[in-house]
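**Q** Next up is a structure, given as structure tokens.
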Amino acid sequence: MKKLDINQIREYLPHRYPMLLVDRVIEWEAGKRIVGIKNVTINEEVFNGHFPNNPVMPGVLLIEALAQNAALLTFMTLDKKLDENSTVYFASIDNARFKRPVVPGDQFRMVAELLRGARGFWKYKVAGYVDDELAVEAEVMCAVRTVGDTAKKAD
């Protein structure tokens, strides 16, 4: 079983505090599947406003965490570590369903299974669990791009 700690994760993802939402990878297989962990704590800034009397992890951040987990698998499958010239963007989010709230104290276990990858686009089936209970599921597509490609297309 292959694992990654936070320092290894930072070698693959461009995200940093407060937007790095994968704390650990507990298993992965290139081109197939990855399982990551996000430890949800009350110390996260978002809980000051969402919601002070009933803290709930925002759905958009849950989807972001699932996408970061999938992006990790993309970079590891490509055997490509982070450099200043490449990043990964959302291309689509489909069929998102939220089944239960994720709250401080929960360990959010994220699973991404590669559906297909071609021409720089990678589509994943993603799901997040708390204590083996499904919390959220979706399909996400990521695009690996060279930094600056977006600016060139906008001209």
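**Q** If you check I42, I37, which single one turns out to be exposed (fewer than 14 other Cβ atoms within 10 Å of the Cβ) and either more than 15 Å from M141 (Cα to Cα) or not aliphatic (A, V, I, L, M) (or both)? Steps first, answer last, please.
**A** Values: I37 fails: exposed (fewer than 14 other Cβ atoms within 10 Å of the Cβ).
That would be I42, the only listed residue that is exposed (fewer than 14 other Cβ atoms within 10 Å of the Cβ) and either more than 15 Å from M141 (Cα to Cα) or not aliphatic (A, V, I, L, M) (or both).
**Q** Can you tell me which of (1) in a helix (DSSP H, G or I); (2) under 21 Å from V144 (Cα atoms); (3) of a type in the set (A, V, I, L, M) is the one L21 doesn't meet?
**A** All conditions pass for L21, except number (1).
**Q** For the range 1-25, which positions are β-branched (V, I, T), surrounded by 14 or more Cβ atoms within 10 Å (Cβ to Cβ) and more than 10 Å from the chain's Cα centre (by Cα)?
**A** Going through the range 1-25, the residues β-branched (V, I, T) turn out to be 6, 9, 22, 25.
Among the residues that remain, those that are also surrounded by 14 or more Cβ atoms within 10 Å (Cβ to Cβ) are: 9, 22, 25.
Result: I9, V25.
**Q** When the range 104-126 is examined, which residues are found to be closer than 11 Å to L62 by Cα and either hydroxyl-bearing (S, T, Y) or out of contact with any Leu (no Cβ under 6 Å at 6 or more places or on another chain) (or both)?
**A** Our first condition is that a residue be closer than 11 Å to L62 by Cα; within the range 104-126, this holds for 108-110, 126.
Of everything in the range 104-126, those that are closer than 11 Å to L62 by Cα and either hydroxyl-bearing (S, T, Y) or out of contact with any Leu (no Cβ under 6 Å at 6 or more places or on another chain) (or both) turn out to be F108, R109.
**Q** Let me ask you something else. I want to confirm something. Restricting to the range 66-100 and keeping residues that are surrounded by 13 or more Cβ atoms within 10 Å (Cβ to Cβ) and among the polar types (S, T, N, Q), which single residue is nearest to V130 (Cα to Cα)?
**A** My answer is N69.
**Q** Just one of F108, F51, F75 is under 19 Å from Y17 (Cα atoms) and either in a strand (DSSP E or B) or among the aromatic types (F, W, Y) (or both); which is it? Don't jump to the end; show me each part of the working.
**A** Working: F51 fails: under 19 Å from Y17 (Cα atoms); F75 fails: under 19 Å from Y17 (Cα atoms).
Going through F108, F51, F75 in turn, just one is under 19 Å from Y17 (Cα atoms) and either in a strand (DSSP E or B) or among the aromatic types (F, W, Y) (or both): F108.
Coordinate-derived values only; no laboratory data. Quick caveat: nothing in here was measured; it's all calculated off a predicted structure. Heads up, the Cβs are rebuilt from the backbone with ideal geometry, glycines too, and the neighbour counts pull from every protein chain shown.
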